[in-house]
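The values are calculated or read from the model by the stated rules, or taken from the named source; none is laboratory data. Nothing here was measured: the structure is a model prediction, and the numbers come from that model. No Cβ is skipped: glycine too gets one built from the backbone with ideal geometry, and neighbour counts run over all protein chains shown.
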Amino acid sequence: MTGLVIKLKPNEKVLINGVVLQNGDRAASIRVRTDDVAILRARDAITKEDAVTPLTRIYYIAQLAMAGEADPRKANREICEGIEALKTIFSGEVALDLIRAEEASKAHKFFVVMRAVKKHFELEQTLLNRASPTAALAS
């Protein structure tokens, strides 16, 4: 069988094409057979207050667009501006993922944007901590 499998914990919430669904009292698996569906588990969502770095801001904007809470054209512009600023900083796999995210944003495939940038949150935070002398003192 093909398709995306979503494993939900008891009472876990998931956003599918702008609709919030909540699982029942037991763990469950759902197989999504439709292509181009926008799915976001509540545990993968971030708040505006969490969007404090360049990559988390890109993720948050994409999340809003995917959830139908932001105009896709405006979100695309903001995402592409953010990515453009980061292209001179990152290289290698991160740079390739930024290019993928930019292409996905232009096609309004915001989940792809989110997936491409999220895996680099930890690296970004490490680099920001090294660059900030006050962050080093706080640790």
Enumeration of residues in region 40-66 that are aliphatic (A, V, I, L, M) and either surrounded by 17 or more Cβ atoms within 10 Å (Cβ to Cβ) or in contact with a helix residue (DSSP H, G or I) (Cβ under 7 Å, 6 or more places away or on another chain) (or both): 40, 45, 46, 51, 55, 58, 61, 62, 64, 65, 66
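Yes/no matrix, rows are residues, columns are (1) farther than 24 Å from residue 5 by Cβ; (2) under 11 Å from the mean Cα position of the chain (by Cα):
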{"site": "38", "(1), (2)": "no, no"}
{"site": "54", "(1), (2)": "yes, no"}
{"site": "59", "(1), (2)": "no, yes"}
{"site": "110", "(1), (2)": "no, yes"}
{"site": "129", "(1), (2)": "yes, no"}
Filter region 2-23 down to the residues that are in contact with a strand residue (DSSP E or B) (Cβ under 6 Å, 6 or more places away or on another chain) and of a type in the set (Gly, Ala, Ser) and list them by number. 3
Give 96, 55 a once-over and let me know the one that is more than 28 Å from residue 14 (Cβ to Cβ) and not assigned by TED's automatic domain parsing to the domain that holds residue 14. 96
Yes or no: residue 24 surrounded by 12 or more Cβ atoms within 10 Å (Cβ to Cβ) and small (Gly, Ala, Ser)? no
Answer yes or no: is there a residue in region 74-90 that is touching a strand residue (DSSP E or B) at 6+ places or on another chain (Cβ under 8 Å), surrounded by 12 or more Cβ atoms within 10 Å (Cβ to Cβ) and either assigned by TED's automatic domain parsing to the domain that holds residue 58 or within 26 Å of residue 18 (Cβ to Cβ) (or both). no
